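Note sheet for the following structure.
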Amino acid sequence: MAGKLEINIIPATGDEWSIHDVIEKRKHQLQGWADVIEDSKDELADVNQIIEGIEKINGKSYPPRHLIFRALELTPLKDVKVVIIGQDPYHNEDYHGNAKATGLSFSVGRHCPPPPSLKNIYKELVTTVPDFVVPEHGDLTRWAQQGVLMLNMCLTVTPHSAGSHKQIWCSFVYKVLDAIVSKNPDCIFVMWGRKAQEAKNMLSGRGKYLESSHPSPYSCRGFFGCNHFNEINRMLRERCQCQIDWNVDYLDGEEDGSGKEDESGKEDGSGKEDGQDGADGTGETA
């Protein structure tokens, strides 16, 4: 079981900030990745220039600026045991008009109901993991605080345009993955679907892989029964490392470290999702 978790309050920031501004203003939270960020100055400068150009045409990007690097903030490099790889951030809004994307793969705000793919992840958990309790929300912060890096292959997206930034972040993500396997050669990489499995090209055979179809409603038949959550803990147990408590609600005595909450009240009822899982019509089904 995880111990008491630190509160990680995330102050709101203006979307006029550049990527450089975000890194400078949040360098304390990002100190666990300081070397990677320093080594990626050129790549991040390119990212910033491209995003600024896109935003002049299409307006803002998701997630809000202060949440772009939240996965790295919550899971310092030295603590990474598992990486759950997503595609790009959710590109749509919740019932209140706020961006669903919170900087963590598959995760949404604490007051946002779980999207379809995450519902299927919960179904797999409740079927295979004893004592897992299905929550009403989709906030996976608690996994991140136990050493599970919730990393999207792309850290930003244009609203309502899945995959719109898919090539922009490749060089930076490569350096993040390279740093992980250099620090922890036995890190477990969870890859659900073809897009996530493209990360193998960056890893060049390093690390340990768990692969299946994507949990999207369009491909979940190949996801159900993968037993990845138990397999992760088996591998960690064999290494004498702390196992992951997959429950996402906080236990008595634990603090909710989810930070700024993403208000939401209802799902739109469409059953469709964004670039997080290809249920948006992009053709990605596995």
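The values are calculated or read from the model by the stated rules, or taken from the named source; none is laboratory data. On a predicted model such as this, the values are computed, not experimentally measured, just so you know. When we count neighbours, we look across all protein chains shown, and the Cβ atoms used for this are built from the backbone with ideal geometry, even at glycine. Ligands, DNA and RNA are stripped out before the accessible areas are found, and what is left, the full protein with its side chains, is counted by its heavy atoms. Shrake-Rupley method; radii C 1.70, N 1.55, O 1.52, S 1.80 Å.
Brief remarks on what is shown
- Residue within region 190-201 that is touching a Cys at 6+ places or on another chain (Cβ under 8 Å), of a type outside the set (Val, Ile, Thr) and part of a helix (DSSP H, G or I) present: no
- Selection of region 223-242 for residues being assigned to a loop (DSSP other than H, G, I, E, B) and within 18 Å of Pro185 (Cα to Cα) yields Arg239, Cys240, Gln241, Cys242.
- All positions within region 88-133 that are of a type outside the set (Ser, Thr, Tyr), under 14 Å from the mean Cα position of the chain (by Cα) and either within 17 Å of Arg221 (Cβ to Cβ) or part of a helix (DSSP H, G or I) (or both): Leu118, Ile121
- Every test in (1) of a type in the set (A, V, I, L, M, F, W, C); (2) modelled with pLDDT of 95 or more; (3) surrounded by 18 or more Cβ atoms within 10 Å (Cβ to Cβ) is passed by Val133 save one, and that test is (3).
- Residues within region 92-108 that are at pLDDT below 95 and on the phi > 0 side of the Ramachandran plot, tallied: 1
Here's the yes/no breakdown for (1) open to solvent by 30 Å² or more (accessible area, probe 1.4 Å); (2) at pLDDT 95 or above:
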residue	(1), (2)
Arg110	yes, no
Asn120	no, yes
Thr127	yes, yes
Gln145	yes, yes
Met150	no, yes
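- Considering residues of region 202-214 that are of a type outside the set (Phe, Trp, Tyr) and in a strand (DSSP E or B) only, the residue surrounded by the most Cβ atoms within 10 Å (Cβ to Cβ): Ser212
- The condition of being among the hydroxyl-bearing types (Ser, Thr, Tyr), open to solvent by less than 30 Å² (accessible area, probe 1.4 Å), under 18 Å from Ile180 (Cα atoms) and over 13 Å from the mean Cα position of the chain (by Cα) holds for only one of Ser61, Ser40, that being Ser40.
- Checking Pro76, Pro114, Pro63 one by one, the residue that is touching a helix residue (DSSP H, G or I) at 6+ places or on another chain (Cβ under 9 Å) and without any contact (Cβ under 8 Å) to a residue 40 or more places away in the chain is Pro114 and no other.
- Taken together, the residues in region 98-120 that are more than 16 Å from Thr141 (Cβ to Cβ), in contact with a strand residue (DSSP E or B) (Cβ under 9 Å, 6 or more places away or on another chain) and not small (Gly, Ala, Ser) amount to 0.
- Pairing each residue of region 187-211 that is under 13 Å from Val82 (Cβ atoms) and of a type in the set (D, E, K, R) with any residue that is assigned to a strand (DSSP E or B) and open to solvent by less than 60 Å² (accessible area, probe 1.4 Å), provided the two are 6+ apart or on different chains, yields C-beta distances under 7 Å for Lys208/Ile188; Lys208/Phe189.
- Val176 of a type in the set (Val, Ile, Thr) and either open to solvent by 10 Å² or more (accessible area, probe 1.4 Å) or closer than 26 Å to Pro116 by Cα (or both): no
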